[in-house]
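Trainee: Got a structure for you, questions after.
Every number in this text was worked out from the coordinates using simple rules, so none of it is lab data. As the structure is a computational prediction, the values presented were derived from the model and not from experiment. Cβ atoms come from the backbone with ideal geometry, glycine included; neighbour counts cover every protein chain shown.
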Amino acid sequence: MRFLFLVLLTTGVIYGQQQPIEFPHNTHMDQGLECVDCHSTADTAAAAELPSVTKCMLCHEKIAVDAPGVAELREFAKRGHEIPWIRVYRFEELAAVKFRHAAHVQSGINCVECHGDVGEMTVAMPVIKHTMGTCVNCHRKNQASDDCVVCHY
Ligand code: HEC
Ligand code: HEC
Ligand code: HEC
Ligand code: HEC
Ligand code: HEC
């Protein structure tokens, strides 16, 4: 138990992402949800977006109210606050990267290819490293543009 705690603590520190609530993707995917049920603009807009507390409460008004984490979730909802999730994938502001989900998802690239199997994870981890090299490689392979201005502001 203490060992497990230490492992969680260390990975949290390494990735710098102790989330305010431990949101398990795996148990939620077991409910038959799809990625876009929560990340609702992943196939239509630049950002995939994170779900609002209101969306969580569609289920957690009644479901699993005593489960660990759900009491905290309900507390956020009661106060009308969003959960301050810590971002898992994000580029340095200075790199001025322009990324657009829609174009990628619409051309048939799976979430898994760029994020790993998040649906199987208890804690979302940045298992795929995105660098300029990985972006450009795939663009060249798919005859997509490798112009600087396509990916940079
Ligand atoms: C071609 C690679 C690629 C694909 C495919 C992709 N993503 Fe992403 N995703 C990224 C990158 C890169 C970021 C970080 C973008 C940034 O910080 O500007 C990101 C960020 C996110 C975020 C953080 C919030 C946001 O809106 O930026 C979520 C949630 C997300 N992706 C979910 C998904 C889901 C769900 C799918 C499948 C429907 C998906 N992604 C497909 C590369 C991808
Ligand atoms: C479609 C209904 C549904 C939605 C929407 C939903 N949940 Fe859940 N959630 C469940 C169910 C069912 C369980 C119980 C799963 C189990 O015990 O196997 C659960 C369990 C949990 C748990 C307990 C931890 C665990 O290991 O199961 C947390 C925390 C949680 N949800 C947070 C959230 C958050 C945060 C959101 C919004 C981003 C959300 N849920 C949206 C159905 C939902
Ligand atoms: C019930 C709602 C729900 C579903 C369904 C869901 N997610 Fe999420 N997702 C979240 C929440 C809440 C977060 C923020 C907390 C976290 O990072 O663990 C998140 C975070 C993420 C992130 C990290 C975003 C970032 O950069 O901070 C990725 C990537 C992601 N989800 C991909 C997926 C994929 C792929 C699927 C489908 C296999 C999926 N999600 C299904 C609610 C959901
Ligand atoms: C797995 C392959 C793959 C990866 C990885 C990838 N891309 Fe792409 N990207 C594509 C393809 C294919 C297109 C062309 C889509 C089209 O023609 O509609 C594209 C198009 C784009 C566009 C144009 C979007 C638009 O709305 O016209 C931008 C911007 C972009 N990618 C940025 C990035 C960045 C930044 C990264 C790295 C974080 C990245 N891509 C990683 C395959 C990829
Ligand atoms: C397909 C997308 C893509 C293209 C095309 C692209 N870049 Fe990038 N570039 C990125 C991404 C993503 C990063 C951030 C990588 C990271 O955070 O590790 C980056 C990082 C950089 C950085 C480093 C910024 C910093 O603060 O460290 C520079 C400089 C840069 N790019 C210049 C260019 C130039 C010049 C071109 C044209 C010859 C170009 N890029 C073309 C995606 C791209």
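Trainee: Efficiency by 1/(1 + (r/R0)^6): what FRET value for Ala67 and Asp117, r their Cβ-Cβ distance, R0 = 22 Å, to the nearest 0.05?
Mentor: Working: r = 23 Å, r/R0 = 1.04.
My answer for the efficiency is 0.45.
Trainee: Another one. With a cut-off of 8 Å between alpha carbons and a minimum separation of six or more residues, what is the relative contact order of the chain in percent? All intermediate terms of the calculation are to be shown ahead of the outcome.
Mentor: Details: 130 pairs, mean separation 45.2, N = 153.
It comes to 30 percent, rounded to a whole number.
Trainee: Here is a follow-up. Where nothing but the Cβ of Lys and Arg (+1) and of Asp and Glu (-1) is charged, how large is the charge dipole of the stretch 42-146 around its Cα centre, in debye to the nearest 20? Intermediate values should be presented prior to the final figure.
Mentor: Values: 12 positive and 13 negative charges, 44 e Å.
Dipole about the Cα centre, nearest 20: 220 debye.
Trainee: Still on this model: How charged is the neighbourhood of Ala102? Take every other residue with its Cβ under 14 Å from the Cβ of Ala102, and add Lys/Arg as +1 and Asp/Glu as -1.
Mentor: Computed value for this residue: 0.
Trainee: Would you kindly compute the Cα radius of gyration of the chain and its largest Cα-Cα separation (Dmax), both in Å?
Mentor: Calculated on Cα positions, Rg and Dmax stand at 17.6, 52 Å.
Trainee: Taking the Cβ of Asp147 as the centre, find all other residues whose Cβ is under 13 Å away and add up their charges (Lys, Arg: +1; Asp, Glu: -1). Could you put the intermediate results ahead of the total?
Mentor: Values: positive: Lys98, Arg140; negative: Asp146.
Counting the neighbours of Asp147, the net charge comes to +1.
Trainee: Near Lys78, which aspartates and glutamates are there with a Cα under 15 Å away, not counting those fewer than 8 places off in the same chain?
Mentor: Candidates past the 8-residue exclusion: Glu61.
Trainee: Assuming 0.36 nm per residue, please report the length gained on full extension of the stretch His130 to Val149 beyond their Cα-Cα distance. Intermediate values should be presented prior to the final figure.
Mentor: Values: separation 19, 0.36 × 19 = 6.84 nm, distance 1.77 nm.
Between His130 and Val149, full extension yields 5.1 nm more.
Trainee: Same structure again: How much length, in nm to one decimal, is gained on full extension between Glu34 and Gln18, taken as 0.36 nm per residue of separation minus their Cα-Cα distance?
Mentor: Details: separation 16, 0.36 × 16 = 5.76 nm, distance 2.45 nm.
The span from Glu34 to Gln18 would gain 3.3 nm if fully extended.
Trainee: Using only C-alpha atoms and all pairs of different ones, pull out the Kirkwood radius for the stretch 87-153 in Å with one decimal. Walk me through the numbers before you get to the answer.
Mentor: Details: mean 1/r = 0.0757 Å⁻¹.
Value: 13.2 Å, from the Cα pair sum.
Trainee: Compute the Kirkwood hydrodynamic radius of the stretch 37-104, taking the inverse of the mean of 1/r over all pairs of distinct Cα atoms, and give it in Å to one decimal.
Mentor: For the stretch 37-104, inverting the mean 1/r across all distinct Cα pairs yields 14.0 Å.
Trainee: Enumerate the lysines that Lys141 could reach by cross-link, defined here as Cα to Cα under 26 Å, with residues fewer than 8 away along the same chain left out.
Mentor: Counting by Cα, and skipping residues close in sequence, Lys141 has these lysines nearby: Lys98, Lys129.
Trainee: Follow-up question, since we're still on this one. Suppose the chain between Lys78 and Cys59 were pulled fully straight at 0.36 nm per residue; how much longer would it get relative to their current alpha carbon spacing? Could you put the intermediate results ahead of the total?
Mentor: Details: separation 19, 0.36 × 19 = 6.84 nm, distance 1.46 nm.
Contour length minus the Cα-Cα distance gives 5.4 nm.
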